[in-house]
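Novice: Take a look at the following structure, please.
The values are calculated or read from the model by the stated rules, or taken from the named source; none is laboratory data. Here the structure is a predicted model, which means the values were calculated and not measured. In this analysis, Cβ positions are derived from the backbone assuming ideal geometry, glycine residues included, and neighbour counts consider all displayed protein chains.
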Amino acid sequence: MKVKIACGKEWIEINLPDRAIVLEKREMNPIEQVEEKIAKSLEEPIESAPLKEIAKGKRDACVVISDVTRPVPNSVILPPLLRALEDGGINRNRIRILIATGMHRPNLGEELRQVVGDYVFNNYEILNHYSRREKDMEIVDEIEGTPIGINRVYLEAELKILTGLIEPHFYAGFSGGRKSIVPGISSFETMKFMHSFSMIDHPNVRNCLLDGNPFHEYALRITEKVGADFILNVVIDRYRRISGIFAGHFNRAHILGCKMVEEYSTVKLNKRVDMVISSGGGYPLDATFYQISKALICARDILKKGGTIVILCECREGLGSREFINVLRSVSSPEEFYERYSDPKNFVIDQWCAQNIFQAIDHAGSIYVYSPNLSEEDLGHLGIKKIENIQDTLDRLTPEHEDIVAIPEGPYVVGMVQDS
């Protein structure tokens with residue numbers, strides 16, 4: 001059979017045996033006249049007063065948006081939201097847009113224009129969150145002895161709004177909602193706690209699980225503490241078209257969006273498989289190998305111990321940050337990683353995605369990566385095999401594996417083994 005796998009901005013066609021199972025989202029119906037529907041959702045939100053009414057009498061507003069690593073259709077969702085704020089009486093120069101970078105790099109220049117679209121770029125003040133600027137943070141809570149810091153621009157705004165995309169997330173269960181605040185606009189110290197070795201190692205910190213998931217529950221606690229007056233979250237299909245709009249109460253609207261994502265983006269399997277062929281999720285998610293940890297964890301969760309993983313990912317920006325590269329090169333095995341980084345004293349930025357990569361390496365027998373922008377030197381230290389010709393490699397590997405699964409969209413689709 002022929003299957004197209006996302007890689008960068010393209011879809012690469014591969015041939016697989018007919019016995020292979022393809023995990024795909026259920027077909028979503030894209031919303032027609034989407035800007036009108038967004039405007040209506042702001043007027044008739046979920047368990048909330050209309051945004052225009054909430055804005056009345058407020059001196060200013062902060063609108064939190066996702067950064068370039070998330071395919072949020074900001075140029076579509078932001079204009080009607082910003083118009084509602086202005087119609088409610090908030091002057092345009094009193095509206096600030098804050099990019100929830102977490103600990104990612106800032107989005108600047110033409111990249112920033114790409115993130116928000118021309119209209120927003122040309123007409124509104126846009127700020128990046130910098131997690132390590134202590135002067136930008138204010139302590140709002142303490143959890144297990146850790147001071148929780150949040151960006152002051154958000155805290156000082158009279159009207160607080162969160163936007164983003166709801167999709168499966170390998171830590172928070174689902175993205176969107178409270179995740180715009182934690183980790184989106186949190187301090188470095190908060191990140192150290194939320195992305196600690198023990199947190200990432202918790203069995204309930206995983207895809208599509210909210211109840212009993214400490215990552216979700218702590219993020220929700222902090223959001224309730226600092227407040228969020230309104231959210232506008234969307235769900236998109238495989239072609240990045242908006243298929244669900246969830247506006248209103250920061251938690252209740254988000255939960256409804258999570259239910260839609262679970263319905264359309266999870267696939268049940270009755271057993272683990274021998275081989276998983278997956279994608280980094282395509283651009284922008286597969287811009288760095290750092291983000292490929294999500295695809296590797298999704299593959300690991302449905303793979304038999306000692307099985308084979310094949311990942312296609314463009315990685316146009318290489319491995320990732322200097323800190324992430326240093327973590328990968330500081331150890332030579334999962335055991336060495338666990339021994340060093342399980343100690344909180346050794347915590348460093350970006351260790352969490354390295355932790356997931358080593359978890360996948362520890363579980364799989366072999367991992368192969370097709371990436372036009374990574375070298376054998378980049379991958380060989382990890383024991384990962386670089387693929388030069390994807391079809392030749394698959395033709396060699398697939399006869400050795402009986403149960404084969406392909407996931408064209410990578411971490412955007414979650415396989416769930418019923419007995420696990």
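Novice: Do we find that Glu110 is loosely packed, with under 14 Cβ neighbours inside 10 Å and assigned to a strand (DSSP E or B) in this structure?
Specialist: Working: loosely packed, with under 14 Cβ neighbours inside 10 Å: yes; assigned to a strand (DSSP E or B): no.
In short, no.
Novice: Being in the same structural domain as Ile161 (by TED's automatic domain parsing), loosely packed, with under 15 Cβ neighbours inside 10 Å and under 17 Å from Gly227 (Cα atoms) is true for just one of Arg59, Arg92. Which residue is that? So that I can check it myself, show each step before the final result.
Specialist: Details: Arg92 fails: under 17 Å from Gly227 (Cα atoms).
Step by step, each of Arg59, Arg92 is checked, and only Arg59 is in the same structural domain as Ile161 (by TED's automatic domain parsing), loosely packed, with under 15 Cβ neighbours inside 10 Å and under 17 Å from Gly227 (Cα atoms).
Novice: When you look at Gln355, is it touching a helix residue (DSSP H, G or I) at 6+ places or on another chain (Cβ under 8 Å) and over 30 Å from Gln391 (Cβ atoms), yes or no? Show your work before the answer.
Specialist: Working: touching a helix residue (DSSP H, G or I) at 6+ places or on another chain (Cβ under 8 Å): yes; over 30 Å from Gln391 (Cβ atoms): yes.
So Gln355 passes the test.
Novice: Out of all the residues in segment 255-288, which are over 19 Å from Gly244 (Cβ atoms), touching a strand residue (DSSP E or B) at 6+ places or on another chain (Cβ under 8 Å) and assigned to a helix (DSSP H, G or I)?
Specialist: Once the filter is applied, which keeps residues that are over 19 Å from Gly244 (Cβ atoms), touching a strand residue (DSSP E or B) at 6+ places or on another chain (Cβ under 8 Å) and assigned to a helix (DSSP H, G or I), segment 255-288 yields only Asp286.
Novice: Select, from Ala219, Ala228, Ala172, the only residue that is more than 17 Å from the chain's Cα centre (by Cα) and in the same structural domain as Glu43 (by TED's automatic domain parsing). Quick ask: steps written out before the conclusion?
Specialist: On the way: Ala219 fails: more than 17 Å from the chain's Cα centre (by Cα); Ala172 fails: more than 17 Å from the chain's Cα centre (by Cα).
When all the criteria are applied, what remains is Ala228.
Novice: Would you point out the residue of segment 64-91, among those that are in a loop (DSSP other than H, G, I, E, B) and of a type in the set (A, V, I, L, M), that is nearest to His169 (Cα to Cα)? Spell out how you get there, then give the answer.
Specialist: First, the residues of segment 64-91 that are in a loop (DSSP other than H, G, I, E, B): 67-73, 88-91.
Subsequent filtering for residues that are of a type in the set (A, V, I, L, M) retains 68, 72, 90.
Values: Val68: 17, Val72: 15, Ile90: 34 Å.
Looking at residues that are in a loop (DSSP other than H, G, I, E, B) and of a type in the set (A, V, I, L, M), I get Val72.
Novice: Check segment 30-37 and report whether any residue there is loosely packed, with under 13 Cβ neighbours inside 10 Å and among the polar types (S, T, N, Q).
Specialist: yes
Novice: In addition: Hey, does segment 122-131 have a residue that's of a type in the set (Phe, Trp, Tyr) and surrounded by fewer than 16 Cβ atoms within 10 Å (Cβ to Cβ)? Spell out how you get there, then give the answer.
Specialist: Of segment 122-131, the ones of a type in the set (Phe, Trp, Tyr) are 124, 130.
Now narrow it down to the ones that are surrounded by fewer than 16 Cβ atoms within 10 Å (Cβ to Cβ): none.
Looking for residues that are of a type in the set (Phe, Trp, Tyr) and surrounded by fewer than 16 Cβ atoms within 10 Å (Cβ to Cβ), one finds none in segment 122-131, hence no.
Novice: I'm trying to understand the selection: among the residues of segment 31-63, which are of a type in the set (D, E, K, R), assigned to a loop (DSSP other than H, G, I, E, B) and more than 21 Å from Ser243 (Cα to Cα)? Don't jump to the end; show me each part of the working.
Specialist: The initial filter retains those residues of segment 31-63 that are of a type in the set (D, E, K, R), namely 32, 35-37, 40, 43-44, 47, 52-53, 56, 58-60.
Retained after the next criterion (residues that are assigned to a loop (DSSP other than H, G, I, E, B)): 32, 44, 47, 56, 58-60.
Result: Lys56, Lys58, Arg59, Asp60.
Novice: Taking the criterion of being of a type in the set (A, V, I, L, M), assigned by TED's automatic domain parsing to the domain that holds Asp67, touching a residue at least 60 places away in the same chain (Cβ under 8 Å) and under 23 Å from Glu13 (Cα atoms), would at least one residue in segment 291-311 satisfy it? Talk me through it step by step, then tell me what you get.
Specialist: Let us first name the residues in segment 291-311 that are of a type in the set (A, V, I, L, M), namely 292, 295-297, 299, 302-303, 309-311.
Still in the running and assigned by TED's automatic domain parsing to the domain that holds Asp67: none.
Checking segment 291-311: not a single residue is of a type in the set (A, V, I, L, M), assigned by TED's automatic domain parsing to the domain that holds Asp67, touching a residue at least 60 places away in the same chain (Cβ under 8 Å) and under 23 Å from Glu13 (Cα atoms).
Novice: Got a sec? Which strands (runs of 3 or more DSSP E) wholly within segment 309-420 have at least 2 residues that are buried (at least 22 other Cβ atoms within 10 Å of the Cβ) and in contact with a strand residue (DSSP E or B) (Cβ under 7 Å, 6 or more places away or on another chain)?
Specialist: Working: elements: 366-370, 385-387, 404-407, 414-417.
Correct list: 366-370, 404-407, 414-417.
Novice: Does Asn233 qualify as being crowded, with 24+ Cβ neighbours inside 10 Å, assigned by TED's automatic domain parsing to the domain that holds Ser48 and modelled with pLDDT of 95 or more? If you could, list the steps in order and put the result at the bottom.
Specialist: Numbers: crowded, with 24+ Cβ neighbours inside 10 Å: yes; assigned by TED's automatic domain parsing to the domain that holds Ser48: yes; modelled with pLDDT of 95 or more: yes.
Judged against the criteria, Asn233 is a match.
Novice: Could I ask something else about it? Collect the residues in segment 216-254 that are in contact with a Leu (Cβ under 9 Å, 6 or more places away or on another chain), part of a helix (DSSP H, G or I) and among the β-branched types (Val, Ile, Thr), keeping them in residue-number order.
Specialist: Thr223, Val226
Novice: Same structure, new question: Show the residue pairs that are 6+ apart or on different chains and have beta-carbon atoms under 8 Å apart, the first residue being within segment 258-285 and on the phi < 0 side of the Ramachandran plot, the second being charged (D, E, K, R) and assigned to a strand (DSSP E or B).
Specialist: Arg272/Lys304; Val273/Lys304; Asp274/Lys304
Novice: May I pose another question? From the list Val153, Val68, Val76, exactly one residue is modelled with pLDDT under 95, surrounded by 15 or more Cβ atoms within 10 Å (Cβ to Cβ) and either β-branched (Val, Ile, Thr) or in contact with a helix residue (DSSP H, G or I) (Cβ under 6 Å, 6 or more places away or on another chain) (or both). Which is it? If you could, list the steps in order and put the result at the bottom.
Specialist: Working: Val153 fails: modelled with pLDDT under 95; Val76 fails: modelled with pLDDT under 95.
Exactly one of Val153, Val68, Val76 is modelled with pLDDT under 95, surrounded by 15 or more Cβ atoms within 10 Å (Cβ to Cβ) and either β-branched (Val, Ile, Thr) or in contact with a helix residue (DSSP H, G or I) (Cβ under 6 Å, 6 or more places away or on another chain) (or both), namely Val68.
Novice: Continuing with this model, one more query. Would it be correct to say that Asp286 is among the acidic types (Asp, Glu), assigned by TED's automatic domain parsing to the domain that holds Val405 and under 14 Å from Leu319 (Cα atoms)? Break it down stepwise before answering.
Specialist: On the way: among the acidic types (Asp, Glu): yes; assigned by TED's automatic domain parsing to the domain that holds Val405: yes; under 14 Å from Leu319 (Cα atoms): yes.
For Asp286, the condition - among the acidic types (Asp, Glu), assigned by TED's automatic domain parsing to the domain that holds Val405 and under 14 Å from Leu319 (Cα atoms) - is met.
Novice: Out of (1) over 18 Å from the mean Cα position of the chain (by Cα); (2) over 20 Å from Lys9 (Cβ atoms); (3) modelled with pLDDT of 95 or more, the odd one out for Arg113 is which?
Specialist: (2)
Novice: Here are some conditions: (1) farther than 30 Å from Asn213 by Cβ; (2) modelled with pLDDT of 95 or more; (3) not small (Gly, Ala, Ser). Leu108 meets all but one. Which one does it not meet?
Specialist: Unmet for Leu108, out of (1) farther than 30 Å from Asn213 by Cβ; (2) modelled with pLDDT of 95 or more; (3) not small (Gly, Ala, Ser): (2).
Novice: Kindly list the number of the only condition in (1) more than 29 Å from Ser293 (Cα to Cα); (2) of a type in the set (A, V, I, L, M, F, W, C); (3) in contact (Cβ under 8 Å) with a residue 12 or more places away in the chain that fails for Val115.
Specialist: Going through (1) more than 29 Å from Ser293 (Cα to Cα); (2) of a type in the set (A, V, I, L, M, F, W, C); (3) in contact (Cβ under 8 Å) with a residue 12 or more places away in the chain one by one, Val115 breaks only (1).
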